[in-house]
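The values are calculated or read from the model by the stated rules, or taken from the named source; none is laboratory data. As the structure is a computational prediction, the values presented were derived from the model and not from experiment. No Cβ is skipped: glycine too gets one built from the backbone with ideal geometry, and neighbour counts run over all protein chains shown. Areas reflect the complete protein model, heavy atoms only, side chains present, ligands, DNA and RNA absent. Shrake-Rupley method; radii C 1.70, N 1.55, O 1.52, S 1.80 Å.
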Amino acid sequence: MNSYFEEVQALLTIVGEQEKQSIKESVEHISKAVMSDGIIHLFGSGHSHILTEEVFYRAGGLAAIRPIFVEDLMLFKGASRASQLERQNDLSEKFMHDEDIRPGDICIVISSSGVNPVPIDVATIAKEKGAFVIGLTSPEYAKSCSSRHERKHYLHDVVDLVIDNHIAKGDTLLKSNNISFGSGSTVIGAVLLNMIFTQVIQTIIESGETPPVFLSSNIEGADEHNQRIIAKYKSRIPQL
């Protein structure tokens, strides 16, 4: 068995056992928001931004999901540049000012280290706009590093609810000859987010309502189904 596979399995077991309560609370808040026509905003920079796209406009996924895309913080415009920009205090104010985040919405901010100013300020501003803010982060990782935030905050300090991905400092799962390697944050984060959103869908079904779920565009009738959902959310999710 591949050692990376084994480490991922072990970490998923830890997350599944130790994050039951935070997952349960997340599902409750998100289900309530979706059934009240709220929007689920997700933000991450660098590789964390990948997780915002993982659950957006996805076959079998919730439609009420809106990623906050900031191209300068993505890897394709310069990976090292994105890392440096994430460390800038007050940068978030420049793009968060016009973000359509409202009371009753949810904002999920993703940062394993939780030490950089941009995700911390995104969470703070989203709260100021009235959203319930969830942090997908690792307090253990954060406590092993100094905060780069001007007020020395960490992401887990400023959110309403923490989902701990249990990623260790450095975001690696393997070590050989004093070389650490094999990132775990993306695969763990993807499983956590899909776990939460599938439970949200199930909760809405059990409430007697029909959840807004996209169909694969490769099956019969999907285009018409998906266009009806897009028409409902397009005004609040322009990326659709």
Expected 222 nm ellipticity per residue - DSSP helices of 4 or more, -39500 (n - 2.57), all of the chain, to 500 = -13500 deg cm²/dmol
Computed for the chain: size of charge dipole around the Cα centre, +1 on C-beta of each Lys and Arg, -1 on C-beta of each Asp and Glu, debye to nearest 20, value 380 debye
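Taking only protein heavy atoms and a 1.4 Å probe, what accessible area per residue, in Å², does the stretch 163-240 have with all protein chains in place? Write down the numbers at each step before the final one.
Working: 4370 Å² over 78 residues.
That works out to 56 Å² for each residue.
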Have a look at GLN227, LEU73, VAL34 and report the one farthest towards the positive end of the charge dipole of the chain, computed about the Cα centre with Cβ charges (Lys/Arg +1, Asp/Glu -1).
-> LEU73
Nearest-ten-degree value, helix 185-206 long axis tilted from longest Cα axis of the chain | 30 degrees
Whole number in Å², please: accessible area per residue of the stretch 1-145, 1.4 Å probe, ligands, DNA and RNA not counted.
-> 44 Å²
Under 5 Å, built H, 5+ apart or other chain: amide partners of ARG66 = ILE40, HIS41, LEU42
Accessible area of the chain belonging to carbon and sulfur atoms, whole % at 1.4 Å probe = 49 percent
Helix 117-128: inclination vs the chain longest Cα principal axis, degrees, rounded to 10, gives 40 degrees
Which links in LYS94/LYS129; LYS24/LYS94; LYS94/LYS143; LYS77/LYS143; LYS129/LYS234; LYS32/LYS127 stretch past 25 Å when you go from one Cα to the other?
-> LYS24/LYS94; LYS94/LYS143; LYS77/LYS143
Share antiparallel - DSSP beta bridges, the chain, percent rounded to 5 | 20 percent
Residues whose placed amide H lies under 5 Å from that of GLY104, excluding near-sequence neighbours = PHE132
